[in-house]
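Input: a single structure, listed below in structure tokens.
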Amino acid sequence: MSEERYGEFVLVRRQGEGHVAELVLDRPKAMNAVSTEMARSIAGACAALGADRDVRVVVLTSTHERAFCVGADLKERNSFSDADLLRQRPVARGAYTGVLELPVPTIAAVHGFALGGGFELALSCDVIVADRTAVVGLPEVSVGVIPGGGGTQLLPRRVGAARAAELIFSARRVEAVEARELGLVDELVEAGRDREEALALGARIAANSPVGLRNAKRALRLGQGLELRAGLEVEDAAWRATAFSGDRAEGVAAFNERRKPEWPGE
């Protein structure tokens with residue numbers, strides 16, 4: 001395993017051959033509250049991971065035993081003038097869009113509190129694995145703001161407009177079992193196993209074609225919300241980008257030769 005630190009609060013670990021990258025939120029003294037510095041580091045780490053062709057999956061984890069991430073650093077925000085807040089906005093957005101725009105499959109491993117911006121980081125991932133200690137929610141209206149890390153757009157895409165409205169307007173916290181029932185998280189695992197299960201899922205995904213994974217994600221993301229005919233055109237473009245790749249040739253050959261594929265990744 002190799003490690004690389006981005007600033008003081010973000011760590012990237014490479015698992016195995018480096019195809020699974022673990023993006024670690026590492027500000028335990030503040031329950032991973034996202035400060036300006038931490039937001040900048042998340043964005044920087046995501047930019048590096050997105051450009052690394054060896055990376056096939058990113059798993060977002062936390063070093064705090066009782067929290068994934070409690071959202072924006074409100075102690076820092078309390079010291080801001082309006083001008084400070086306006087200047088910080090692009091930096092904060094960069095963290096969430098950094099995760100959202102990663103070109104490879106992403107998995108959030110959630111335990112304990114994932115609130116506000118913390119839950120938005122998880123929502124920015126393709127799959128959320130949560131353990132039974134997880135408590136999620138978007139409580140921003142209770143402190144005089146609104147979800148600003150993608151929550152008003154990502155949550156209704158998961159659970160529908162009416163359910164998202166109820167959750168955002170009420171600012172309520174949702175515990176793990178209900179969160180799974182509502183579709184706020186995708187997999188529910190035993191307490192303490194969220195990271196292990198998310199990394200295992202990441203390893204299974206990373207065994208597949210890197211070209212196929214990137215193009216499948218692109219089709220899924222770009223096709224969301226489109227009329228069906230337009231969505232099928234997005235899918236066709238992604239199929240063409242994959243079908244004539246070295247990965248497709250290797251995948252078919254490996255299947256017929258009954259061996260494990262050695263993906264060229266191009």
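The values are calculated or read from the model by the stated rules, or taken from the named source; none is laboratory data. Being a predicted model, the structure only gives us computed values, none of them experimental. Positions of Cβ are backbone-derived with ideal geometry, glycine not excepted, and every protein chain shown enters the neighbour counts. Just so you know, the surface numbers come from the protein's heavy atoms only, side chains and all, with ligands and any DNA or RNA stripped out. Shrake-Rupley method; radii C 1.70, N 1.55, O 1.52, S 1.80 Å.
Roughly to the nearest percent, how much of the accessible area of the range 1-118 is carbon and sulfur, given a 1.4 Å probe?
Ligands and nucleic acids excluded, carbon and sulfur reach 51 percent.
How much of the DSSP bridge set in the chain is antiparallel, in percent, rounded to the nearest 5?
In the chain, DSSP labels about 35 percent of beta bridges as antiparallel.
In the range 72-194, what percentage of the DSSP-assigned beta bridges are antiparallel, given to the nearest 5?
Bridges in the range 72-194 are about 15 percent antiparallel.
Could you identify which residue out of A108, A21, A254 has the top mean-square fluctuation in a GNM of the chain using Cα springs shorter than 10 Å?
A254
Give, as ranges by residue number, the residues of the range 35-52 whose backbone N falls under 14 Å from the point 7 Å along Cα→Cβ of D84.
Within reach of a label on D84, which here means backbone N under 14 Å from a point 7 Å along Cα→Cβ, the range 35-52 contributes 35-37.
Using only alpha carbon pairs under 8 Å that are at least six residues apart, calculate the relative contact order of the range 16-77 and give it in whole percent.
In percent, rounded to a whole number, it is 55.
When a/c reaches 1.5 or more, the comparison of a/b and b/c decides; with that in mind, is the range 1-159 rounded, prolate or oblate per its Cα gyration tensor?
Verdict is prolate for the range 1-159.
Which helices, taking whole DSSP H runs in the chain, have alpha carbons extending 15 angstrom or more along the helix axis plus mean Kyte-Doolittle at least -1.0? Walk me through the intermediate numbers first.
On the way: long enough: 36-51 (23 Å, 0.82); 82-100 (27 Å, -0.17); 194-206 (18 Å, -0.05); 210-223 (19 Å, -0.29); 228-243 (22 Å, -0.04); 246-256 (16 Å, -0.31).
Going by DSSP H runs, the hits are 36-51, 82-100, 194-206, 210-223, 228-243, 246-256.
How large is Rg/Rh for the chain, to two decimals, with Cα atoms and a Kirkwood Rh?
Reported Rg/Rh (Cα atoms, Kirkwood Rh): 0.99.
When the helix-only estimate is applied to the chain (DSSP H runs of n ≥ 4, each -39,500 (n - 2.57), divided by the residue count), what is the mean residue ellipticity at 222 nm, nearest 500 deg cm²/dmol?
-14500 deg cm²/dmol
Work out how far the C-alpha atoms of the range 183-249 reach from end to end along every principal axis, then list the three figures in whole Å, largest first.
Result for the range 183-249: principal-axis Cα extents of 42, 32, 9 Å.
Pop out the Kirkwood hydrodynamic radius of the range 115-266 from its pairwise C-alpha distances, inverse of mean 1/r, in Å to one decimal. Display every interim value, and only then the final one.
Working: mean 1/r = 0.0564 Å⁻¹.
Roughly 17.7 Å, rounded to one decimal.
Within the chain, which is the longest segment that contains none of the chymotrypsin sites (Phe, Trp or Tyr not before Pro) sitting in a DSSP loop with at most 14 other Cβ atoms within 10 Å?
Free of exposed loop sites, the longest segment is 81-243.
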